[in-house]
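The values are calculated or read from the model by the stated rules, or taken from the named source; none is laboratory data. Since we're looking at a predicted model, the values are computed, not measured. Ideal geometry is used to build each Cβ from the backbone, glycine not excepted, and the neighbour counts take in all protein chains shown.
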């Protein structure tokens, strides 16, 4: 009896975990445009962010520049306020190139995670994956789900302003990372917060210039 | 024909001595210059100035321009404050370093961290010109009619990885450092230009403590 109770408790716990977050979403088929628009757009301009990266108690602060060099070719460079380059990334089509990195950042797990986070923000190569559209219970937000195989990204777009306000990255229906995009000015989110739920990593990007 | 030969020879010669920057010639009396520079820096007890920093990222053909204000007071006190387009403050008070970022103050012991130590050395010597006597750099001296240009080539392996040369531009009239250019092994560089420089004005010690 005791075991049965325990088992059913565990089953409830597991099922509520896996369904809890995304189970309430309603699928809609009426929305044709089923890909979120990239926040950076196709404009070849540079974007300069004051950036803070907090990882397991350590904090790195500096300036992050993103620039689209060609269609599907982005360069992302992070320097300290004093001008010292910390890393230099290139995202071209589906290839990532690490051009430079200081020893403090040269740890595979950290670099890989930051790279993946920036990739999510750049919203490149979404077309090649299958997508479906949902709405929330209140019908105020459209949610586009894009399936990358191992992970799924949920793009939350408010229906009124048509702004991308959140991206959630999930693995096996569990939320791994939340990207919060706020303070929209001229159609661009001036504050971006990347919060990891399974590791102690938080990245804050505040737009200084574009 | 002679002209062409002269041109070829001069091109050849200039490529051998390519280290001499355009518009400058080598300083003959380097000892005299160094002595004068030291004498002048001894007369300075404090400096206050605005600065404009330009970080050039060659792959993007992009300049990140930041501006701010700095204060220096003998011995070993420095306040380096960015005001545009971001608010960020570094203050060095003897062996303590403060960083104020997003309203949050962090305090460090300079000797606890190799990077802070080199930031401190770099900033201090940039401001008062003592980098000339630093054994970690090989100096070369150039001049034109208005400026001295000191090129410092790092000798240590660690520094060489991210720094090709530091150029200090020193005004002939008062031996003030008016511009610093740090060139990296790629084509990237950072320049810092100083304007509205005032020396030996009273500056309160409070300015070098950040709360």
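For the range B:38-46, the criterion of a residue being closer than 30 Å to residue B:185 by Cβ, in contact with a strand residue (DSSP E or B) (Cβ under 6 Å, 6 or more places away or on another chain) and in contact (Cβ under 8 Å) with a residue 40 or more places away in the chain is satisfied by no position. Number of residues in the range A:45-67 that are more than 17 Å from residue A:189 (Cα to Cα) and more than 10 Å from chain B (Cβ to nearest Cβ): the value is 7.
Within the set B:57, B:89, B:71, the sole residue that is away from chain A (no Cβ under 14 Å), within 29 Å of residue A:49 (Cβ to Cβ), within 20 Å of the chain's Cα centre (by Cα) and modelled with pLDDT of 85 or more turns out to be B:71.
Suppose we keep only residues that are under 14 Å from residue B:177 (Cβ atoms) and out of contact with any helix residue (DSSP H, G or I) (no Cβ under 6 Å at 6 or more places or on another chain) within the range B:37-46. Which one would you say is surrounded by the most Cβ atoms within 10 Å (Cβ to Cβ)?
Kept after step one, since they are under 14 Å from residue B:177 (Cβ atoms), are these residues of the range B:37-46: B:37-38, B:40-41, B:44.
When the remaining residues are screened for being out of contact with any helix residue (DSSP H, G or I) (no Cβ under 6 Å at 6 or more places or on another chain), the result is B:37-38, B:40, B:44.
Working: B:37: 22, B:38: 15, B:40: 16, B:44: 18.
Checking each candidate, the answer is B:37.
For residue A:144, the criteria (1) closer than 28 Å to residue A:90 by Cβ; (2) in a strand (DSSP E or B); (3) without any contact (Cβ under 8 Å) to a residue 40 or more places away in the chain hold in every case but one, which is (3).
Selection of the range A:116-127 for residues being in contact (Cβ under 8 Å) with a residue 12 or more places away in the chain and surrounded by fewer than 16 Cβ atoms within 10 Å (Cβ to Cβ) yields A:125, A:127.
Out of the strands (runs of 3 or more DSSP E) lying entirely within the range A:29-109, which hold 1 or more residues that are free of Cβ contacts under 8 Å to residues at least 60 places away in the same chain, surrounded by 13 or more Cβ atoms within 10 Å (Cβ to Cβ) and in contact with a helix residue (DSSP H, G or I) (Cβ under 7 Å, 6 or more places away or on another chain)? So that I can check it myself, show each step before the final result.
Values: elements: A:46-55, A:58-70, A:73-79, A:85-92, A:95-101.
Strands (runs of 3 or more DSSP E) meeting the threshold: A:58-70, A:73-79, A:85-92, A:95-101.
Being free of Cβ contacts under 8 Å to residues at least 24 places away in the same chain and part of a loop (DSSP other than H, G, I, E, B): is that true of residue A:152 here?
Working: free of Cβ contacts under 8 Å to residues at least 24 places away in the same chain: yes; part of a loop (DSSP other than H, G, I, E, B): no.
In short, no.
Of everything in the range B:170-187 that's closer than 22 Å to residue B:57 by Cβ and within 10 Å of the chain's Cα centre (by Cα), which residue is nearest to the other protein chains (Cβ to nearest Cβ)? My answer is B:182. What is the residue count in the range B:95-111 for residues that are under 18 Å from residue B:71 (Cα atoms), modelled with pLDDT of 90 or more and more than 12 Å from chain A (Cβ to nearest Cβ)? Of the residues in that region, 3 qualify. Within the range A:147-158, the set of residues being touching a strand residue (DSSP E or B) at 6+ places or on another chain (Cβ under 6 Å) and more than 13 Å from residue A:22 (Cα to Cα) comprises A:147, A:151, A:157, A:158. The residues of the range B:188-211 that are away from chain A (no Cβ under 14 Å) and surrounded by 14 or more Cβ atoms within 10 Å (Cβ to Cβ), listed by number, are B:194, B:197, B:199, B:203, B:207, B:208, B:209, B:210. With respect to the stated conditions, residue B:203 fails to be part of a strand (DSSP E or B) and either touching a helix residue (DSSP H, G or I) at 6+ places or on another chain (Cβ under 6 Å) or at pLDDT 90 or above (or both). For the range B:74-85, the candidate set comprises residues that are within 20 Å of residue A:64 (Cα to Cα) and facing another protein chain (nearest Cβ under 10 Å); within that set, the residue that is surrounded by the most Cβ atoms within 10 Å (Cβ to Cβ) is B:82.
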